[in-house]
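**Q** Take this structure first; my questions come after.
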Amino acid sequence: MTAVRCIELCRTFIQGDQKITGLDHVTLEVEKGEFVCLVAPSGGGKTTLLNAIGGLDRPDSGEVWVAGKRIDQLSKGALAEMRLNNIGFVFQAYNLIPVLTARENVEFVMQVQGRPAKERRELAENVLAEVGLTGLEDRLPAKMSGGQQQRVAVARAIVTRPAMVLADEPTANLDSHTAEQLMELFVELNRTHKTTFIIATHDQRVMSYARRIVSLLDGRIVKDQQQAT
Amino acid sequence: MAFSNVILVFMISLQFGMYGMMIDNTLALFTGHLQVQANGYKDDKKIRQTVPDAAALADRLSETIDGARVAVRANAFALVSSADRSFGVQVVGVQPDKEPGISTLPGLVVTGSYLQGRSEEVVIGSILARNLKVGVDDELTLIGSGKDGSFAAVVATVSGIFESGIAVLDRNMVEMPLSLFQETFFMGDSAHEIVMRMPGLDDVPLAVSAVSAALPSDQDLVVHDWDALQPGLKQAIQADIAGAWFMYGVLVVLVAFSVLNTVLMSVLERTREFGIVLSLGLSPGRLAWLVMLETALMAILGLLLGVLIGWAVTAWFGYAGFSYPGMEVMADKFNLPARIFPQATMLSLFLGPGVVFVGTLLASIYPALRIHLLEPVQAMRAA
Ligand SMILES: Nc1ncnc2c1ncn2[C@@H]1O[C@H](COP(=O)(O)OP(=O)(O)OP(=O)(O)O)[C@@H](O)[C@H]1O
Ligand SMILES: [Mg+2]
């Protein structure tokens, strides 16, 4: 089954009187349960592509299909609902809610989903332990290091066991040991829950876990290769 | 917002208290709350249209009507002359011991004293005194026609000069003891008005029906309340009320705008957070709803606090009275109460805050709508 299908995606940004290419006729298909790395130099279009797949940004042309449904025409409300129930996002800039503690940040999505408080609490505690943040549950983001915030962001993305995780540089601020632990966690989820992973990175350690590496350059796919792990 | 609600409650209550007081002060000067007269006398003041045996009827009324102060008056037109001048005036016969109970005029005597109970004395207005060039203890001659149309005349001593600030009274009025009046104008024991003052303006409607019931049925007498006696008064107050409403309207609009500004700021301030929660899957509709709910809670809190504190403040001043600098001097000069007692009614309590509440809810619609325009990615990029 196809998890994501992008057909001829184009996206240009206008900044002042300059046109910046974000995506240039990108066609990509990802099967359910795949573990894909998006690799590109800075400005290559990784974030733009993830945003398009997650329905956070509308492409100028082309089609985006997620879990068999075309999403690039959906309303904002419908897109939000799709994200809520199908996709876990790890943002490049973490994007934690600054007024909420680590635990509350992790619980937030479940709260929006309307899950009972007890279940939320249990799940949040478990997942924070999984990313190695036991004892920091009640800290505010501002009182945590970049790596810790990044792990809270990861915990928030995977706590609902979404069908697909879109992660933007999830290891950028982690030491190699923590990065390895995190990747093991991703691989574990991928194996046990058939979670589809699309991870934007230029971290060699991350790429070594991927079975497929898609390379972008200036918004175009220049290489798409399978690899053994 | 809570603060402006407190102000609104207090101001409106104060205003209501003030109208009550303005009406009452005006009536306290001379007219009284209600009067018993011969039918038709109000519109055509003929000296023949009298209330027979007025003093006895007045005594009976003051016994039957709880809390009422009652006095008898008689009116006639006369020519008053001093040594060198003459003027047409209204002569009013009053009961010197009872008149102070229904009128503040006796307290406004600035030179000499009010009627002392001597038989041939008068008090006159300050302008009249100046025009006649007379002072206290000078003699005046009054000439008019009596109840039966015959020639009436009397010489009396000025015992006091009053200054009410109302030109008509100060220029045209002479008060003398009722007994002297009745003797001079051949009235017998009859008079023209039984003037009554109740403890409060609110007591008037009940008193009117009670007095009507107590009137002897064989005489053609009627009761007029203050609105009938002074038809202009209510209109004047109502015109003032219209002006006050306009002021409150402006205040409410100002509050609504400050709320709009606050809500809008609080939305803009949190653009990044809103972007995050949208990107995590909270729908724009729900987020907008939450913002409106937040504003509504704030508004409810403001409403409750405003009404509660406003009510407390009003109740305190309603008990202790409210006065502003300079008011005491004015009050002293015109023989009026020195304090306003604000009235907290359901209307004055909830009107202002209620309108602010609705205005707040309306003001939160625009910021909530703006959330629908928010693009998560752009919002998250906002610092
Ligand atoms: N909202 C935007 N407005 C203007 N230009 C944008 C916007 N978003 C992205 N771009 C531009 O589009 C290009 C692709 O950006 P993108 O963020 O997808 O790159 P990236 O591969 O994620 O880079 P990085 O590794 O630095 O995160 C860049 O040149 C970027 O400046
Ligand atoms: Mg990026």
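**Q** Testing A:Val39 on (1) more than 22 Å from A:Ala163 (Cβ to Cβ); (2) touching a strand residue (DSSP E or B) at 6+ places or on another chain (Cβ under 9 Å); (3) facing chain B (nearest Cβ under 9 Å), one condition comes back false. Which one is that?
**A** (3)
**Q** Within the range A:188-202, which residues are farther than 15 Å from A:Thr47 by Cβ and either surrounded by fewer than 16 Cβ atoms within 10 Å (Cβ to Cβ) or within 14 Å of ligand 2 (Cβ to nearest atom) (or both)?
**A** Once the filter is applied, which keeps residues that are farther than 15 Å from A:Thr47 by Cβ and either surrounded by fewer than 16 Cβ atoms within 10 Å (Cβ to Cβ) or within 14 Å of ligand 2 (Cβ to nearest atom) (or both), the range A:188-202 yields A:Glu188, A:Arg191, A:Thr192, A:His193, A:Lys194.
**Q** Restricting the range A:66-79 to residues that are closer than 27 Å to A:Val152 by Cα and touching a residue at least 12 places away in the same chain (Cβ under 8 Å), which is farthest from ligand 2 (Cβ to nearest atom)?
**A** A:Ala67
**Q** If I filter the range A:41-55 for residues that are among the aliphatic types (A, V, I, L, M) and in contact with a helix residue (DSSP H, G or I) (Cβ under 6 Å, 6 or more places away or on another chain), do I get at least one hit?
**A** Checked against the condition, which is being among the aliphatic types (A, V, I, L, M) and in contact with a helix residue (DSSP H, G or I) (Cβ under 6 Å, 6 or more places away or on another chain), the range A:41-55 yields no hits at all.
**Q** Something else now. Can you confirm whether B:Leu373 is within 14 Å of chain A (Cβ to nearest Cβ) and free of Cβ contacts under 8 Å to residues at least 12 places away in the same chain?
**A** Considered against the rule, which asks whether it is within 14 Å of chain A (Cβ to nearest Cβ) and free of Cβ contacts under 8 Å to residues at least 12 places away in the same chain, B:Leu373 comes out as yes.
**Q** Shifting gears a bit: Output the residue which, of all residues in the range A:203-221 that are touching a helix residue (DSSP H, G or I) at 6+ places or on another chain (Cβ under 8 Å) and outside any strand (DSSP E or B), is nearest to ligand 1 (Cβ to nearest atom).
**A** Selected residue: A:Gly219.
**Q** A further question on this structure: Among the residues of the range A:47-55, is any under 22 Å from B:Arg286 (Cβ atoms) and more than 10 Å from every other protein chain (Cβ to nearest Cβ)?
**A** no
**Q** Out of all the residues in the range A:149-179, which are assigned to a helix (DSSP H, G or I) and within 17 Å of the chain's Cα centre (by Cα)?
**A** A:Gln149, A:Gln150, A:Arg151, A:Val152, A:Ala153, A:Val154, A:Ala155, A:Arg156, A:Ala157, A:Ile158, A:Ala179
**Q** Here's another thing I want to ask about it. Just to be sure I understand the filter: pairs with C-beta atoms under 8 Å, separated by 6 or more residues or on different chains, first member in the range B:263-288 and more than 10 Å from chain A (Cβ to nearest Cβ), second member among the aromatic types (Phe, Trp, Tyr). Which pairs pass?
**A** What qualifies is B:Leu264/B:Tyr366; B:Val267/B:Phe274.
**Q** Looking only at the range A:88-107, filter to residues that are of a type outside the set (Val, Ile, Thr) and more than 11 Å from chain B (Cβ to nearest Cβ); which one of those is surrounded by the fewest Cβ atoms within 10 Å (Cβ to Cβ)?
**A** Step by step, filter the range A:88-107, then rank; the result is A:Glu104.
**Q** I'm trying to understand the selection: among the residues of the range B:30-50, which are under 29 Å from the mean Cα position of the chain (by Cα) and of a type in the set (Val, Ile, Thr)?
**A** B:Thr31, B:Val36
**Q** Of the residues in the range A:5-24, how many are under 28 Å from A:Pro162 (Cα atoms) and either away from ligand 1 (no atom under 13 Å from the Cβ) or of a type in the set (Gly, Ala, Ser) (or both)?
**A** Number of matching residues: 5.
**Q** Which residues, taken from the range B:41-60, are touching a residue at least 12 places away in the same chain (Cβ under 8 Å) and either surrounded by fewer than 19 Cβ atoms within 10 Å (Cβ to Cβ) or polar (S, T, N, Q) (or both)?
**A** B:Lys42, B:Lys45, B:Arg48, B:Gln49, B:Thr50, B:Pro52, B:Asp53, B:Ala56, B:Arg60
**Q** Could you list all residues from the range A:39-65 that are within 16 Å of ligand 2 (Cβ to nearest atom) and either more than 17 Å from A:Glu8 (Cα to Cα) or β-branched (Val, Ile, Thr) (or both)?
**A** Hits for the range A:39-65 are A:Val39, A:Ala40, A:Pro41, A:Ser42, A:Gly43, A:Thr47, A:Thr48, A:Ile53, A:Leu56.
**Q** On to the next question. May I ask you to list the residues in the range A:108-124 that are more than 10 Å from chain B (Cβ to nearest Cβ) and in contact (Cβ under 8 Å) with a residue 24 or more places away in the chain?
**A** Within the range A:108-124, A:Met110, A:Leu123, A:Ala124 qualify.
**Q** Just give me the residues in the range B:90-116 being surrounded by 15 or more Cβ atoms within 10 Å (Cβ to Cβ) and within 18 Å of B:Gln182 (Cβ to Cβ), in sequence order.
**A** Scanning the range B:90-116 gives B:Gln90, B:Val91, B:Val92, B:Gly93, B:Val94, B:Gln95, B:Pro96, B:Lys98, B:Glu99, B:Leu115.
**Q** If you scan the range B:132-155, which residues turn out to be crowded, with 19+ Cβ neighbours inside 10 Å and not in a loop (DSSP other than H, G, I, E, B)?
**A** Within the range B:132-155, B:Leu132, B:Leu140, B:Leu142, B:Gly144, B:Ala152, B:Val154 meet the criteria.
**Q** Away from every other protein chain (no Cβ under 12 Å), surrounded by fewer than 17 Cβ atoms within 10 Å (Cβ to Cβ), away from ligand 1 (no atom under 16 Å from the Cβ) and more than 17 Å from the chain's Cα centre (by Cα): is that true of A:Lys32 in this structure?
**A** In short, no.
**Q** Also, I was wondering about something else. Go through (1) more than 16 Å from ligand 2 (Cβ to nearest atom); (2) within 17 Å of A:Ile198 (Cβ to Cβ); (3) surrounded by 19 or more Cβ atoms within 10 Å (Cβ to Cβ); (4) within 14 Å of chain B (Cβ to nearest Cβ) and name the single condition A:Met82 misses.
**A** Result: A:Met82 passes all but (3).
**Q** Just to check your reading of the model, which residue among A:Ala172, A:Ala200, A:Ala153 is of a type outside the set (Lys, Arg), within 14 Å of chain B (Cβ to nearest Cβ) and within 16 Å of ligand 1 (Cβ to nearest atom)?
**A** Just one listed residue meets the conditions, A:Ala153.
**Q** If you check A:Pro59, A:Pro41, which single one turns out to be within 11 Å of ligand 1 (Cβ to nearest atom) and not in a strand (DSSP E or B)?
**A** Unique residue meeting the criteria: A:Pro41.
No value in this document is a laboratory result; all are computed from the given coordinates. All values reported here derive from a predicted model rather than from experimental measurement. Backbone-built Cβ (ideal geometry, glycine too); neighbour counts: all protein chains shown.
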